[in-house]
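To start, the structure itself, in structure tokens.
Bear in mind these aren't lab numbers, they're just calculated from the coordinates by the rules spelled out. Quantities reported herein were computed from a predicted structural model and do not represent experimental measurements. Cβ atoms come from the backbone with ideal geometry, glycine included; neighbour counts cover every protein chain shown.
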Amino acid sequence: MNSFTYVDCCNWVHKEAPEMLENIRSLHFQFVSHSLLQTAATSVEVPRSFSIDYENNQFLLNGNPFRYVSGSLHYFRVPRAYWRDRLRKLRLAGLNAVSTYVEWSQHEPSPGHFEFSGELDLQYFIQLAQEEDLLVLLRPGPYICAERDMGGLPPWLLTVKPDIYLRTNDTTYMEYVERYLTYVMTSVQAQLYGNGGPIIMVQIENEYGSYQACDLDYMIRLRDIVRSIVGDAAVLYTTDGAGPSYLRCGKVEGVYATVDFGTSADVDTAFSAQRLYEPSGPLVNSEFYAGWLTHWGEIFQRVDTDAVVNMLDEMLARNASVNFFMFYGGTNFGFSAGANYGNSYQPQLTSYDYDAPVSEAGDPTSKYFAIREVIGRYLPVLNNTVPVLQPKGDYGTITLSPVVPLLDQRSRQELGKEPLRSQFPLTFEQLGQRYGFILYETTVAHSVPDPAVFTIPDISDRAIVLLDDVPKGILSRSKKITSMSLSAFEGTKIQVLVENEGRINYGSLINDFKGLVSNATLGGEVLEDWIITGFPLSDISRLDVSNNDSYAFSSPGFFHGTFTLPESYSEPLDTFLDPTGWGKGVAFINGFNLGRYWPITGPQVTLYVPGCHLKPYPSVNELILLELEKANSPQYSVSFVPQPVLDKVPPGQTD
């Protein structure tokens, strides 16, 4: 620790080089003063404008030829305390713009209740981007995909009309979409480029050509809603896959069509698809994949650095504008990760590192510096200024104590919703619960064969089946395991604890209801008369964590531990929670939901712990685990380590 000192916003520099910090600040100030944003100071002479020059196949910024090299960075995947740091790292790589989605489900968690403050302060994020000399590409949805739960659509849409046709001109859907988009775009209207802000582009929907509906009326409605607020203060655009079949339904008149593709594509072939729908205008790759997403149970996905920089060079040589997806990935904190459905249901990791140029913890990688070198051939780069690596906390091992089973009456009272009785099972959505767990309980009313087959044909997504509080097995949507043998008798209590592992975020199955989506049968007979208790776990502050010496762990249950950071650390450093030896669960640090862990499945083992969620010495930090399957017995310990483990080879896979 002695060789580093804390500067601001989690930037660290060597104490031996204080002049480096002054250099960075001086160079940054000089560069900003002479950058594109200089036009704001001379707006009297040159009106601010961003437009398309179709004759010369380029963008115009204040009447001058312009192209952007942008990076995707989603504010909702990084703590607000780190926003400036991450934005600055984009700028120091030579990028001149940042692209971000706006996640409807986070900003309107319940109908008519909007959240745009604190960690969701979109206006402040855009303001910081402008202060860091970055233009902004805004992608407000309403659908964003983004490997987020339900593609960023709020799950309550499934309750207002169960058969709602999402992403179409469905009357009910559009009623809520129009209200949301109007709220968002009005709130950032003053930050559009033509109005003095940094927003140069606003996207309409997201990769709509990949959705089966192909509803042109829907796209026209979205265009008109957004254009009524944006006017000519920014350029409207769409993004679709680089193929005619995608652009056919994604393109809408009066909105500039762009494409997305990665290193496996041919640059000229990909851009020729754009030219089919935009015969003139700038070439744009709106999602150039510098990395890729990963699901639980598969090899961690990487994209070769040489392939990335070679293709980047090809595109920039053609005067294309490019947006990296992702330049900084971040984290799916809490229960915000989504899922895909290919041959089976595929939930996504808590980490959204994405093999991006800036790592999940905010560190520049070798890919970052290779990209920076290529950009420097085409755009100004602060040659004497480079990001400084951030040291990480190695806080050692702490021992946890078992506290209470989740199914205990105490847990139900402290964390559970009011139990509800229903003849048949109800879904998360019917119960008004977005995330977490739901416990379904019924009693066997009469004698059944021994053993009897217990079946739930449609379960979303993973369930622990118990008899009288004793775990008997797991049903899994991912593994297509929907039945098991049970030795149950008249009067036996059957309990099914269902975990929502993330709603599908891409394709035709985004109407993804959670919980017991079908009836359950035992020995072929439908089970009725259920008691249903929800555990959203949105706030665990009511959990009594007093040690319970009489509790011998039987899953699922809570564990608790405390620790103090070393006195030598003047500020908490980022670290990684290593739950090796544990099974599957959820981790909370000082009440903040770090997300799901599942080290026995992988490839992600560690959870990123931002230093801003830790308390400095001598304050006491608190760690709570909800372990669902397997405790790290007999020591019940976890470690805080300085390096992430995201690439463990899952069982049954080969590296």
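Relative to the first principal axis of the alpha-carbon coordinates of the chain, what is the inclination of helix 83-92, with its axis defined by its Cα atoms, in degrees from 0 to 90 and to the nearest 10?
Orientation of helix 83-92: about 40 degrees from the principal axis.
Per-residue counts of other Cβ atoms within 10 Å, averaged by peptide: what ranking do you get for 127-139, 89-101, highest first?
So the peptides 127-139, 89-101, ranked by packing, come out 89-101, 127-139.
Taking the chain as the reference, fit the longest principal axis to its C-alpha atoms, fit the long axis of helix 305-317 to the helix C-alpha atoms, and give the angle between the two in degrees, 0 to 90, nearest 10.
The angle comes out near 40 degrees.
State the antiparallel share, in %, of DSSP beta bridges confined to the chain, rounding to the nearest 5.
Working: 88 of 121 bridges.
Antiparallel bridges make up about 75 percent of those DSSP assigns within the chain.
Restricting attention to the alpha-carbon atoms of the chain, what are Rg (one decimal) and Dmax (integer), both in Å?
25.8, 87
For the stretch 417-535, what does the equivalent ellipsoid look like in terms of its semi-axes, each the square root of 5 times an eigenvalue of the Cα gyration tensor, given largest first in whole Å?
Calculated on Cα positions only, the semi-axes equal 24, 16, 12 Å.
Give me the Debye-computed log₁₀ of I(q)/I(0) at q = 0.17, 0.18, 0.32 Å⁻¹ for the stretch 168-212, equal point scatterers on Cα only, no solvent, two decimals.
-0.64, -0.69, -1.09
If you take every residue apart from TYR569 with its C-beta less than 14 Å away from the C-beta of TYR569, what net charge results, scoring Lys and Arg +1 and Asp and Glu -1?
Charge balance in the 14 Å sphere: -2.
Under unit Cβ charges (Lys, Arg +1; Asp, Glu -1), what dipole magnitude, rounded to 20 debye, does the stretch 506-655 have relative to its Cα centre?
140
Please give every one of the lysines within straight-line cross-link reach of LYS89, meaning a C-alpha to C-alpha distance under 20 Å, and leave out same-chain neighbours fewer than 8 residues apart.
LYS367, LYS392
Over what distance in Å are the Cα centres of the stretch 143-208 and the stretch 312-372 separated?
The stretch 143-208 and the stretch 312-372 have Cα centres separated by 22 Å.
For every other residue with a beta carbon closer than 14 angstrom to the beta carbon of THR182, add +1 if it is Lys or Arg and -1 if Asp or Glu, then tell me the sum.
0
Is the stretch 4-375 rounded, prolate or oblate when judged by the Cα gyration tensor, a ≥ b ≥ c being the square roots of its eigenvalues, rounded requiring a/c under 1.5 and prolate requiring a/b larger than b/c? Mind showing how you got there, number by number?
Numbers: a/c = 1.33, a/b = 1.21, b/c = 1.10.
Rounded.
Taking the Cα atoms only, what angle lies between the long axis of helix 216-230 and the longest principal axis of the chain, rounded to 10 degrees?
That helix lies at roughly 60 degrees to the long axis.
Return the calculated 222 nm mean residue ellipticity for the chain, to the nearest 500 deg cm²/dmol, obtained by summing -39500 (n - 2.57) across DSSP H runs with n ≥ 4 and dividing by the residue count.
When only DSSP H runs of four or more count, the value is -5500 deg cm²/dmol.
Would you mind checking the radius of gyration and Dmax of the stretch 49-197 based on alpha-carbon positions, in Å?
When restricted to the Cα atoms of the stretch 49-197, Rg and Dmax are 16.9, 50 Å.
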